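Remarks on the structure that follows.
The values are calculated or read from the model by the stated rules, or taken from the named source; none is laboratory data. All values reported here derive from a predicted model rather than from experimental measurement. With ideal geometry, Cβ positions are generated from the backbone for all residues, glycine too; neighbour counts draw on all protein chains shown.
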Amino acid sequence: MPRKKPFSVKQKKKQLQDKRERKRGLQDGLRSSSNSRSGSRERREEQTDTSDGESVTHHIRRLNQQPSQGLGPRGYDPNRYRLHFERDSREEVERRKRAAREQVLQPVSAEMLELDIREVYQPGSVLDFPRRPPWNYEMSKEQLMSQEERSFQEYLGKIHGAFASEKLSYFEHNLETWRQLWRVLEMSDIVLLITDIRHPVVNFPPALYEYVTGELGLALILVLNKVDLAPPSLVVAWKHYFHQHYPQLHIVLFTSFPRDTRAPQEPVLKKNRRRGRGWTRALGPEQLLRACEAITVGKVDLSSWREKIARDVAGASWGNGSGEEEEEDDGPAVLVEQQTDSAMEPTGPSRERYKDGVVTIGCVGFPNVGKSSLINGLVGRKVVSVSRTPGHTRYFQTYFLTPSVKLCDCPGLIFPSLLPRQLQVLAGIHPIAQTQEPYTAVGYLASRIPVQALLHLRHPEAEDPSAEHPWCAWDICEAWAEKRGYKTAKAARNDVYRAANSLLRLAVDGRLSLCFHPPGYSEQRGTWESHAETAELVVLQGRVGPAGDEEEEEEEELSSSCEEEGEEDRDADEEGEGDEDTPTSGPGSCLAARNPYSLLGEDEC
C-alpha cells in the first residue's frame, strides 16, 4: 500500500474550508471568504437604474453570514435576510485611518449634542422607505417579485442620484428584509415604533410615521426604550419633543430592566439576567396596555392582558422575597408562530381590524433598539433570542401574549438618512465586529465624552503621567489596548483594532453613556430637571428610592458586571460576531444620571 503524502496544518485548514464551501451551496454561487476577526462576508456589484435611465454600480457588503447546509425546508435560506450595506471604498477607509492618527480630538460644546430630526431625515426629500408597488390577484408570484425588484431598484437609484455616498448613512439594500416590513404592516392593527432613548430621532423616520398614520390609517405608538440609560430630565424632554412635532403619536416609556428599589441588597447582574431573571419587572407594560385600550376603545377585550400584568407583578414580588432565581422555562406556554418564506407569499392588506377579537401589535424599528427585549419584557420571560449584533432577528415571528393579544417581532430595518456613520456604529446599527474602520467612531465618542479621563488612560507617548499630551483616536485605542493587555499574536504589539471594538461595545451597552438632546435642551435644562414628570420618573427608574435614599451600591454592581463584560468582549472580538443573549440596557447603566462620566473606574477596568 503506497504511503500517504503528508501535508501541513495550513493545507488541512484549507481542505476543511473548501469542504464547508461545497456543503453550503448558496444559490447565488458566490464564495464567501472567512476571516477569524471580521466573520464571513460576501461582496458583489449590483446594477442600479437611476431616474434618468443611466446605470450606476454600487458595491454591496453582505454582513452576518449564517452557517448553512444547503437550503432548509420549504426552500428557506438562512442568509436571505442578511444585512446589505453599501461598501466604503478603500481610499475612504485609508483616509479615515490617517485622520484617526493625525487629527487631535477637541471636546464639543453641549449644543453639538442636540439633534434635530429635520437635519437627519430632511422631510420632503427622497430619503423615504420603499413602498410595495400596486398589485392584484391576477398577477403571478414571479410577476409580482419582478415588479417589486424593479420598483426597489428605482428607489435606490433616486437616493444615490440625489446624495453622494459619503453623506448617506448605512441603510438596508436587501429587498427581502423590506418585504418583511410590508408584511408586518399589512397584518398589524397597531404599530409599535421602538426607539433608543439615547438618540430617539435616529430611530424615528418621519416617512414611516406619515405612511402608518396617513395611508394605512393605523395607530402608531412610539416606545422610548432603555429609559434607564438616560437622565430622567432628558427622557421627559424627548417625550415632549415628539408630542409637539407628531401629535398623533401615543408615547410609552419602557425598559426591560429597571432598578429594583425593593431589594437593593440583591443587585441583578447581567449574569443572572442571561439566565432569565428580571424580565417580569419591565417598566412600561402597563403604559402600553393603557395606550392600546385608548386605541381599541372596547373593540377588543384586553382584560386578560391586565390580569397577566398583575400576575407578573405578584410573581416578581414573590421571587424577590424568596431569593430564588427564575428559570426561563417557567410560566405558561407562549404560542410562537415561526414565519418562513410562506409568510412572504402575496397577500393583500387585511381590511378587517381586530379579526376574531385579536389585536395584532407589530414591533418595528432599527436594529439594537430592543424590540426583542421588549417582547420578552411583555411576556415576562425570555421567548425571543436577543443580541447586541445587528441583524440577529432575521425573519419576523408572532407571539400570543394572551388569547386576544398577538405580538409580531419584525427584523431591524435601517432607513436612509444623513446621519454620520460613526454615530450609527455607536448606536449599534452597524455591526461593530464587521466595521471596516472603527477608529473614527472612537474619536467621535471621545470628542463628546472624556473617554481618556473616564477610563484613566495613560497617553502611549507620555513619560510623565501628569504631563498634558494631545490625544487622537488612535492614541485612545492604543492606551486602552495597553491597559487591558490586548496584544497581537505574532509581534505582541498593542492590538488597537481589538481595543477600538471593545470601546465601541462599551458605548453600545450603555457603559460609556452618550446621550443626545432635543433642540434647545441646553437652554431649558433647569426647566426639565424641575419638571413634575421628572420627579416621578426618578422613582420609577430606581435612581432614588421611595424614601429619597440614593442607591449607592450601583457602583459595586457596575464593577462586577464590568469585569464580566471584559472577558466577554475578548471572546466577542476573537469570534468576530459579538453575539450573546444579553440585552443592552442594565441597572448599572443608570449611574449616568448622577454623573455620566463616572461609569467606569480604575478598579473596574
**Request:** Given the conditions (1) among the basic types (Lys, Arg); (2) in contact with a helix residue (DSSP H, G or I) (Cβ under 9 Å, 6 or more places away or on another chain); (3) surrounded by 15 or more Cβ atoms within 10 Å (Cβ to Cβ); (4) not assigned by TED's automatic domain parsing to the domain that holds LEU216, report the number of the one that ARG118 does not fulfil.
**Result:** (3)
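A quick yes/no check of all residues on (1) assigned by TED's automatic domain parsing to the domain that holds TYR439; (2) part of a loop (DSSP other than H, G, I, E, B); (3) small (Gly, Ala, Ser); (4) out of contact with any Asp or Glu (no Cβ under 6 Å at 6 or more places or on another chain):
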position: HIS469; (1), (2), (3), (4): yes, yes, no, yes
position: ALA481; (1), (2), (3), (4): yes, no, yes, no
position: ARG498; (1), (2), (3), (4): yes, no, no, no
position: ALA507; (1), (2), (3), (4): yes, no, yes, yes
position: SER513; (1), (2), (3), (4): yes, yes, yes, yes
**Asked** Can we say GLY520 is in the same structural domain as LEU445 (by TED's automatic domain parsing), touching a strand residue (DSSP E or B) at 6+ places or on another chain (Cβ under 8 Å) and not in a helix (DSSP H, G or I)?
**Response** yes
**Item:** Residue under evaluation LEU423, criteria (1) more than 23 Å from the chain's Cα centre (by Cα); (2) part of a helix (DSSP H, G or I), criterion not met
**Value:** (1)
**Asked** Can you name the residue in the stretch 341-372 that is at pLDDT 85 or above and of a type in the set (S, T, N, Q) and, of all such residues, is farthest from ASP509 (Cα to Cα)?
**Response** THR360
**Tabulated pairs, the stretch 285-306, first assigned by TED's automatic domain parsing to the domain that holds SER256 and of a type in the set (Gly, Ala, Ser), second surrounded by fewer than 18 Cβ atoms within 10 Å (Cβ to Cβ) and not in a helix (DSSP H, G or I), C-beta under 8 angstrom, 6+ apart or interchain** = SER304/PRO403
**Asked** When residues of the stretch 399-420 are filtered for being of a type outside the set (Ser, Thr, Tyr) and in a strand (DSSP E or B), how many remain?
**Response** 7
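Give, as residue ranges, the helices (runs of 4 or more DSSP H) completely inside the stretch 93-194 that count at least 2 residues that are acidic (Asp, Glu). Before the answer, list the steps.
Values: elements: 117-121, 141-162, 175-187.
Per the criteria, 141-162, 175-187.
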**Asked** Pick from TYR81, TYR76: which is surrounded by fewer than 17 Cβ atoms within 10 Å (Cβ to Cβ), at pLDDT below 80, aromatic (Phe, Trp, Tyr) and not assigned by TED's automatic domain parsing to the domain that holds PRO460?
**Response** TYR76
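Look at THR177 and say whether it is assigned by TED's automatic domain parsing to the domain that holds VAL358, of a type in the set (Ser, Thr, Tyr) and in contact (Cβ under 8 Å) with a residue 60 or more places away in the chain.
Numbers: assigned by TED's automatic domain parsing to the domain that holds VAL358: yes; of a type in the set (Ser, Thr, Tyr): yes; in contact (Cβ under 8 Å) with a residue 60 or more places away in the chain: yes.
Yes.
In the stretch 121-162, which residue that is among the hydroxyl-bearing types (Ser, Thr, Tyr) and either farther than 30 Å from TYR241 by Cα or touching a Pro at 6+ places or on another chain (Cβ under 7 Å) (or both) is surrounded by the most Cβ atoms within 10 Å (Cβ to Cβ)?
By that ranking, first place goes to TYR121.
Does VAL313 count as surrounded by 14 or more Cβ atoms within 10 Å (Cβ to Cβ), under 28 Å from the mean Cα position of the chain (by Cα), among the β-branched types (Val, Ile, Thr) and at pLDDT 60 or above? Spell out how you get there, then give the answer.
On the way: surrounded by 14 or more Cβ atoms within 10 Å (Cβ to Cβ): yes; under 28 Å from the mean Cα position of the chain (by Cα): yes; among the β-branched types (Val, Ile, Thr): yes; at pLDDT 60 or above: yes.
The answer is yes for VAL313.
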